[in-house]
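Take a look at the structure below.
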Amino acid sequence: MIRFEEVSKHYSGGKDILQGVNLSLEQGEMVVVTGQSGAGKTTLLKLMAALERPSHGSVWLNEQNIGHLRRSAVPWLRRNIGFVFQDHRLLFDRDVLGNVLLPLEVAGFGRKDALARARAALDKVGLLDREKSRPIALSGGEQQRLCIARAVATRPPLILADEPTGNLDREYANSILDMLINFNRQGTTVVIASHDADTVTTKHRTVRIHRGKLT
Amino acid sequence: MKAWWVHVQYAWRTVFRRWAEAPFGHALTVLGLGVSLILLAVLFMVLMGAQRAVDGLPAQGAVLVYANPHASDADRQQLSAQIDVLPKLAHKQFISRAAALSELTQKLSLGEMAHQLPDNPLPDTWVLTPSVLDVTLIQQWTQTLTALPAVMLVQSDTVWVGQLRALVNTGRHIVLLLAGLLALGLVSILGLAVRLQIVARLPEIDVSRMIGATDHFIARPFLYFGLLEGLLAGLVAVFGVWLLTVDLLPRLDVLLRYEGQTSLIVLPSLQTQAAFVLASALLGWLGAWLAVRQALWR
C-alpha cells in the first residue's frame, strides 16, 4: 500500500530530516514508528499524506508516486487518509459535531449521510453525547478522541496518527490505542508515530527511526 | 455533480454562519456600500433626466440673418443666392422690413407712433432652419453669411441647445468616471473584508487542506460571501433610490408644473434596477475573487 524508496527529506538551510529511507507497508497492516523527538517520525507521516514531498527518492501510495502528483490531484489523495494530528488541529469555532462533519463536507457527502457518519464516528470514540459541545470544553483525552473521530469519519483505508497518546496519562493513552487497534481490525491500515516505546505492542510491527534513518 | 451541489450548499451554509457570527459588522459594510451606490444612482438618474429634457428641446432651432439696410440690390441677390445653397437647409422664411414694422406696430400697439418715424429702422430678415442641430454647421453658416456685404448680423438661438447637449454629454462622462471609481471602491472594500475573513480563518483553511479540500472548496464560501454582500448593497441602493424618488418626485413635480416641465427624475425601469443589483453582486464577487486569489492561490 505504501512504499518508500530511498527517500530523503531536507529543508533549505537545514539538516537532513530523513536519509535514504526504504519502507513498505501492506494493506491492513498496523505499524508503529518510534523514535526520539526530532528523529523524523512526523516527516515520515507527512510524506505518506502528501503534506510534504520528498527531496530525493519516491513515495508510492497505492502505486501512485506521490512526489509526481499534480497539485490539483493531491486533495483527492488526502481524502483517502485519516490524519490524527499531534496538536489535534481542532476548530474551536465549531462544535464537536461540526469538527467531525468537516472531512465529510470536503468529501462531498450529502447533509443527511454526513450527519449519520459523523454521529457514528463520535459514537465509536464515545463522544456522541458531547456533539453540541465546543472543543475547548473537552479534556485533552476527549480532544484526541475527537481528532480520531474526524480522521475516521469518512472511513478512509489509511489512518496516520502522529503522537496520538502524546500528552495523555496511561489510561487515556491505552483507550486511544485500543480505538486505533479496533479500526485496524476492521481492515484499516494504521500508522502510528510515537516517541514512547511503551506504546508499542508486541503484536504489531514496529519501525524504529533514529536521526532520519530506519534502524 | 452531486458532490458539486453538496459543496455549493455547504458554501452557502458557511456564508450564512459567518454572517450570523458578526451580523452588525456585515450589515454596516453593506449599508456603507449601499449608500455610496445610492449617490451614484441618483446622479445617474438626474443626468438621464437632463438628457431627456435636452432631447425634448427643438432639434431645429432658427438662424436669423439681418440684412444691411444700405446694401445694394446686387449684394442682396448674392445673399439670397448664398442662402439657397447653404448645406442642410430645411426651411427659409423672408420677412421684409415693412412686414416686420407692421407686425411690431400691431404687437406693441404703437399705432401712429410708428408712422412718425423718419425711416423704418428694422432690417430685412431671413429665418433659416437647419435640418439637423449641429453646432459646427451653424457656425459654418454664420461664418459664410457674415462675410457677405449685404449681411448686418447673424444670430442663432440653437447654439445654446448644442452647448447644453455638450454639457450633458460631459456630465455623462463624469458620472461614468465616478461609476468606475465607485466600482473600484466597492471591489476594494469587499476584497478587504474577504481578506480579513481569510486571515481569521487560516487555521480552518489549513485543516481543510490537510484533509483533502481543494482550492475551489476553500474559496467558494468567500466568493459567495462577496457575491451576497454586493447583492445586498445593490438591493439597499435600489431601495434607497426608491425611497428618495417617492419622497422627492412629488415635490419636484409641483415645482416643475409651474414651469410647464415634466419630472427631471424618474424611477428607473425594473430591468435597469435588476441590472444594477446584478452588477453590484458581480463586483462583490470580483472583490472576493481578487482577495482569494491573492491570499489563497498564490
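Quick notes on this structure:
- Scan segment B:168-227 for residues that are hydroxyl-bearing (S, T, Y), within 26 Å of B:P23 (Cβ to Cβ) and surrounded by fewer than 18 Cβ atoms within 10 Å (Cβ to Cβ) and the total you get is 1.
- Enumerated helices (runs of 4 or more DSSP H) restricted to segment A:18-122, each holding at least 3 residues that are at the interface with another protein chain (Cβ under 8 Å from one of its Cβ atoms): A:74-78, A:96-107
- Of the criteria (1) modelled with pLDDT of 90 or more; (2) out of contact with any Phe, Trp or Tyr (no Cβ under 8 Å at 6 or more places or on another chain); (3) hydrophobic (A, V, I, L, M, F, W, C), which one A:A39 fails: (1)
- Residue selection: B:Q51 fails the criterion of being over 15 Å from the mean Cα position of the chain (by Cα), farther than 21 Å from B:D215 by Cβ and modelled with pLDDT under 85.
- Filter result (assigned to a helix (DSSP H, G or I), farther than 21 Å from B:R201 by Cα, open to solvent by 70 Å² or more (accessible area, probe 1.4 Å) and within 14 Å of chain A (Cβ to nearest Cβ)) within segment B:1-55: B:K2, B:W4, B:W5
- Scanning segment B:6-32 for residues that are more than 13 Å from B:P221 (Cα to Cα) and either in contact with a Pro (Cβ under 8 Å, 6 or more places away or on another chain) or among the aromatic types (F, W, Y) (or both) turns up just one, B:F24.
- Remark: pairs (first residue in segment B:169-188, touching a residue at least 40 places away in the same chain (Cβ under 8 Å); second residue open to solvent by 70 Å² or more (accessible area, probe 1.4 Å) and among the charged types (D, E, K, R); Cβ separation under 7 Å; 6+ apart in sequence or on different chains) are absent.
- Residue match in segment A:187-202 (condition: in contact with a strand residue (DSSP E or B) (Cβ under 6 Å, 6 or more places away or on another chain), modelled with pLDDT under 90 and open to solvent by 50 Å² or more (accessible area, probe 1.4 Å)): yes
- Count of segment A:132-152 residues, restricted to those that are among the hydrophobic types (A, V, I, L, M, F, W, C), open to solvent by less than 40 Å² (accessible area, probe 1.4 Å) and free of Cβ contacts under 8 Å to residues at least 60 places away in the same chain, is 3.
- Within segment A:133-152, if we keep just the residues that are touching a Phe, Trp or Tyr at 6+ places or on another chain (Cβ under 9 Å) and not in a helix (DSSP H, G or I), the residue that is nearest to the other protein chains (Cβ to nearest Cβ) turns out to be A:R134.
- Selection from segment B:254-289 of residues that are at pLDDT 70 or above and either in contact with a strand residue (DSSP E or B) (Cβ under 9 Å, 6 or more places away or on another chain) or open to solvent by 80 Å² or more (accessible area, probe 1.4 Å) (or both): B:L270, B:Q271, B:L278, B:L282, B:W285
- Residue, most open to solvent (accessible area, probe 1.4 Å), within segment A:1-17, restricted to residues that are of a type outside the set (D, E, K, R) and part of a loop (DSSP other than H, G, I, E, B): A:S12
- Flag if A:R155 is within 12 Å of chain B (Cβ to nearest Cβ), on the phi > 0 side of the Ramachandran plot, outside any helix (DSSP H, G or I) and basic (K, R): no
The values are calculated or read from the model by the stated rules, or taken from the named source; none is laboratory data. Being a predicted model, the structure only gives us computed values, none of them experimental. Positions of Cβ are generated from backbone atoms using ideal geometry, with glycine treated the same way; all protein chains shown enter the neighbour counts. Areas reflect the complete protein model, heavy atoms only, side chains present, ligands, DNA and RNA absent. Shrake-Rupley method; radii C 1.70, N 1.55, O 1.52, S 1.80 Å.
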